[in-house]
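Working notes, structure below.
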Amino acid sequence: MIALAPGLIWRPAYFSREEQQALLDDIRAVLRTAPLFTPAMPRTGKPFSVRMSNCGPLGWVSDRDGYRYQSRHPQTGAPWPAIPQRLLDLWAAVAGYERPPQACLVNYYHPAARMGLHVDGDEQELRAPVVSVSLGATCLFRYGGARRADPTRSLKLQSGDVIVIGGASRLVYHGVDRLYPATSTLVAGDGRVNLTLRRISSGD
Ligand code: SIN
Ligand code: FE2
């Protein structure tokens, strides 16, 4: 366990290979009910290179109208499937927050996908961390401070790693610069799956 900054905790190799495979199987089941969709940037409508889905009572979506959490899949109109027990167990073990997560965003990266620097700030309950799991290809993860212009550092996130973004670092900028080619033995096509568990509200 490595504290990258106060509240920003990296747990390399948190999940064993067997656990990673089981988690990926859980996510495949989620995606059969809630297929990946391509989000778009607010206003411009420019598509993200990452495709997304969600599980949990709420899911994060982005389109021309903006970013938000909603209870239904934007294309099928169906409620999101439940968060797999393995991920609820992870949250209970590392989040340090009394209530369960309300959303799990599933990000799928094809080999050329990336995610620009951003803050996860659409949640009202900022006392709860964001808990992030990496599966598949290794990526170059970048994080900085509370302001976009703050200096950044980067590290290689590998399959099975967990990052907790909480406490004094809850609103730090972060993103994924790129994937490393031919590093996935778990996700077909050398892709990467990132799961982020979030608590949106402090109450029920
Ligand atoms: C995110 O910030 O939503 C994703 C981070 C990652 O893919 O590791
Ligand atoms: Fe994020």
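Each value in this text was obtained by applying a stated rule to the coordinates, not by laboratory testing. Small disclaimer: the values here were computed from a predicted structure and weren't measured. All Cβ positions, glycine included, derive from the backbone under ideal geometry; neighbour counts span all protein chains shown.
Restricting attention to segment 141-170, the residues that are under 18 Å from the mean Cα position of the chain (by Cα) and either among the small types (Gly, Ala, Ser) or surrounded by fewer than 16 Cβ atoms within 10 Å (Cβ to Cβ) (or both) total 8.
For segment 99-140, the set of residues classified as touching an Asp or Glu at 6+ places or on another chain (Cβ under 8 Å) and either in a strand (DSSP E or B) or on the phi > 0 side of the Ramachandran plot (or both) consists of Val130, Val133, Ser134, Gly136, Cys139, Leu140, listed by residue number.
Being within 19 Å of Tyr69 (Cα to Cα), among the hydroxyl-bearing types (Ser, Thr, Tyr) and touching a residue at least 40 places away in the same chain (Cβ under 8 Å) is a condition met by at least one residue of segment 101-109.
Among the residues examined, Pro81 qualifies as more than 15 Å from ligand 2 (Cβ to nearest atom) and closer than 24 Å to Glu19 by Cβ. Just one of the listed residues (Val130, Val94) is within 16 Å of ligand 2 (Cβ to nearest atom), closer than 18 Å to His174 by Cβ and of a type in the set (Val, Ile, Thr), namely Val130.
One line per residue, one yes/no per condition, for (1) under 12 Å from the mean Cα position of the chain (by Cα); (2) more than 11 Å from ligand 1 (Cβ to nearest atom):
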{"site": "Arg43", "(1), (2)": "no, yes"}
{"site": "Gln70", "(1), (2)": "no, yes"}
{"site": "Ala95", "(1), (2)": "no, yes"}
{"site": "Leu105", "(1), (2)": "yes, no"}
{"site": "Pro111", "(1), (2)": "no, yes"}
{"site": "Met115", "(1), (2)": "yes, no"}
{"site": "Leu135", "(1), (2)": "yes, no"}
{"site": "Cys139", "(1), (2)": "no, no"}
